[in-house]
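Visitor: First the structure, then my questions, so here it is.
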Amino acid sequence: MNGYGPRGLDIDRKGVVWVPLASGHLASFDRSKCKGPLNGPQATGRHCPEGWTLHPFPGPQFETVNDSGSVQMSYYTWVDQFNTFGLGRDVPFATGNATDSLEALVDGKFVTLRVPYPMGFHAKGLDGRIDDPNAGWKGRGIWSTYAGRAPYHIEGGKGQTSKVVKFQLRPDPLAR
């Protein structure tokens, strides 16, 4: 599989690097899988293809493209090293810029966190925060900024400013 166009990256607690690609993948690089030299003149940067894994983002691929991937182009990745959100430790999150969402890779499958309103959620970054570790889901969340360059494209049009969204994971839909 070919991947290209890396954007912002993050590293998990095991040293695995996660990076979104313009090819429509969330890629991981695990140096422990490398069979070749890790330093010195033979470590050219292309010596460890076995360290890479490409996870195609959900959604369709461009009509004329037969390669793996999707039309989804992510801008940024953040790894939840401390289970801040509630999906587990070391879960990578990518911004779903073409789908008004955040994409979390959990056990090899994507979980899509969609923002249905206001329309035009174009995530630019995200980070997690635990305000109260004893408050369960209510004390945890992840935050994402959006509309960094063109806020007039979001719902409301001209005069709109950038915004921030807080995501929280309830144990069930009716949890209070």
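Visitor: Whole-Hz Karplus ³J(HN,Hα) for segment 80-85, in order, using 6.51 cos²θ - 1.76 cosθ + 1.60 and θ = phi - 60°, x for Gly and Pro?
Guide: 7, 5, 10, 6, 4, 7
Visitor: Where the accessible area of segment 62-161 is counted over protein heavy atoms with a 1.4 Å probe, how much of it, in %, is carbon and sulfur?
Guide: 52 percent
Visitor: Please work out, to two decimal places, the log10 of the ratio I(q)/I(0) at q = 0.09, 0.15, 0.16, 0.20 Å⁻¹ from a Debye calculation in which every Cα of the chain carries one identical scatterer.
Guide: Per q value, in the given order, log10 I(q)/I(0) is -0.36, -0.91, -1.00, -1.34.
Visitor: Still on this structure: So which of Lys109/Lys138; Lys14/Lys163; Lys33/Lys124; Lys138/Lys158; Lys109/Lys166; Lys138/Lys163 end up more than 28 Å apart by C-alpha?
Guide: With Cα atoms farther than 28 Å apart: Lys14/Lys163; Lys33/Lys124; Lys138/Lys158.
Visitor: Report the local net charge at Arg129: Lys and Arg +1, Asp and Glu -1, summed over other residues whose C-beta lies under 15 Å from its C-beta.
Guide: Net charge in that neighbourhood comes out at -1.
Visitor: Now a separate question. What percent do you get for the relative contact order of segment 32-128 when only Cα pairs under 8 Å and 6+ apart count?
Guide: About 19 percent, as a whole number.
Visitor: Let me ask something else about it. What whole-number value in Å² describes the accessible area per residue of segment 1-64 for a 1.4 Å probe?
Guide: Counting only protein heavy atoms, the per-residue value for segment 1-64 is 65 Å².
The values are calculated or read from the model by the stated rules, or taken from the named source; none is laboratory data. For clarity, every value in this text was computed on a predicted model and none was experimentally measured. Please note: Cβ atoms are built from the backbone with ideal geometry, for glycine as well, and neighbour counts cover all protein chains shown. To get the accessible areas, we keep the full protein, side chains included, count just its heavy atoms, and leave off ligands, DNA and RNA. Shrake-Rupley method; radii C 1.70, N 1.55, O 1.52, S 1.80 Å.
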